[in-house]
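Student: Structure below; questions to follow.
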Amino acid sequence: MANIQERKSKDGKASYKVVVRLKGFPTQTATFERKTDAKKWAQQTEAAIREGRHFKTTEAKKHTLSDLIDRYIRDVMPKKSAIMKKQEFQLKWWKEQIGVYLLADVTPALIAEYRDKLMLTPVESLKDKAEYKKRPRKQEVTTSAERVKIQKPRSSASVNRYLAVLSHAFTIAIKEWGWLEDTPMRKLSKLRELNSVVRFLSDEERERLLIACKESKNPYLYTVVVIGISTGARKMEIMGLTWKDVDLKMEVIRLTKTKNGEFRAVPLQKHALDLVKAMSKVRRIDTDLLFPGENPKTPVELRKPWVDALERAKVANFRFHDLRHSAASYLAMNGATLAEIAEVLGHKTLQMVKRYAHLSEQHTSRVVASMNEKIFGDVENG
């Protein structure tokens, strides 16, 4: 609600101070020489706040969205882990689309318009030619003897990632730079993400795939896949491992290059431990990487050996990342709680591991049955 206060200076000159207060929003004030201007400003400001268009600070009128994104990429992105660097591409998409707008003019309606536009923009990606032939799609463009470029619909989850990084950029601009008082993302709805079926290896598929990996000409593929299945680590985390990250005495690997940038220790057990111990006895002296390529400074490229192994094992519709889902699924089926699975995988919340909940239902039933037996067992026998 707007309140206009008339004030007079010592020389008798009148001025009008406007105070606009709406619940849930910062108080806005301005002073005018004419009451008509004060009323007009009050009406416009109230309307802008209700429509989500008002983020009034001097800085919001001075800086464009491009300015915000450029500073975020320069100052914030270098602090993020390597796996999060793809967010720079996402931010540059927003910059290209609406970067010319002043921050004061970036509204929820504007972002929603381009969110919907993004949803309708297909994604281009490269797929291995053998996999493509099994699952034919439209608009094939050959890029090499082994890979093809395809277009596929953009998922809701993908669009939400674009929104998430933009939202964080606005949050930093509010909390640390003082460029805004509020964020236009606050009133914006995320797209609903469909819970896809978790793809994990059946016992038969796992056996065939491990045999195919063991027979691969690449000496590292089998060990990498075993570590992926037994620890649930991401491909980037495994390929970035150095011998400094491996503690054979404590039987753990310490993951330093993680998605969220936080350190995580993962137990190295049984067969995976034996394989790494064997590798440590014949390790290369020109690199500290566990899985180096021809260039000792970079990890080995496993894409082609991995695809070949999938073909020989007759395992379809399976990505390397699904090894992580397999590890989590096996943990759930062997009695691990969701909290334990989240700890192993490095998730901060249980939300990401709820997809495995149904796999642990049998274990949950056993726990409840055990509890009831202890409490009511004597009653039944009586």
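The values are calculated or read from the model by the stated rules, or taken from the named source; none is laboratory data. All of these numbers come straight from a predicted model, not from anything done at the bench. Glycine gets a Cβ as well: all are built from the backbone with ideal geometry, and neighbour counts include every protein chain shown.
Student: Between Thr45, Thr29, Thr64, which is at pLDDT 85 or above, polar (S, T, N, Q) and in contact with a strand residue (DSSP E or B) (Cβ under 7 Å, 6 or more places away or on another chain)? Step through it out loud before you land on a result.
Tutor: Values: Thr45 fails: at pLDDT 85 or above; Thr29 fails: at pLDDT 85 or above.
Thr64 is the lone residue from the list that is at pLDDT 85 or above, polar (S, T, N, Q) and in contact with a strand residue (DSSP E or B) (Cβ under 7 Å, 6 or more places away or on another chain).
Student: Is there any pair with a first residue in the range 289-306 that is within 19 Å of Val276 (Cα to Cα) and a second that is hydroxyl-bearing (Ser, Thr, Tyr) whose Cβ atoms are under 6 Å apart and which are 6 or more apart or on different chains, and what are they?
Tutor: Pairs found: Leu289/Thr242; Phe291/Tyr220; Pro296/Thr287; Val300/Tyr220.
Student: Here are some residues: Arg74, Arg50. Which one is surrounded by fewer than 16 Cβ atoms within 10 Å (Cβ to Cβ), of a type in the set (D, E, K, R) and at pLDDT below 80? Break it down stepwise before answering.
Tutor: Details: Arg74 fails: at pLDDT below 80.
Just one listed residue meets the conditions, Arg50.
Student: Please specify each residue of the range 162-188 satisfying the condition of being in contact (Cβ under 8 Å) with a residue 24 or more places away in the chain and among the polar types (S, T, N, Q).
Tutor: Thr183
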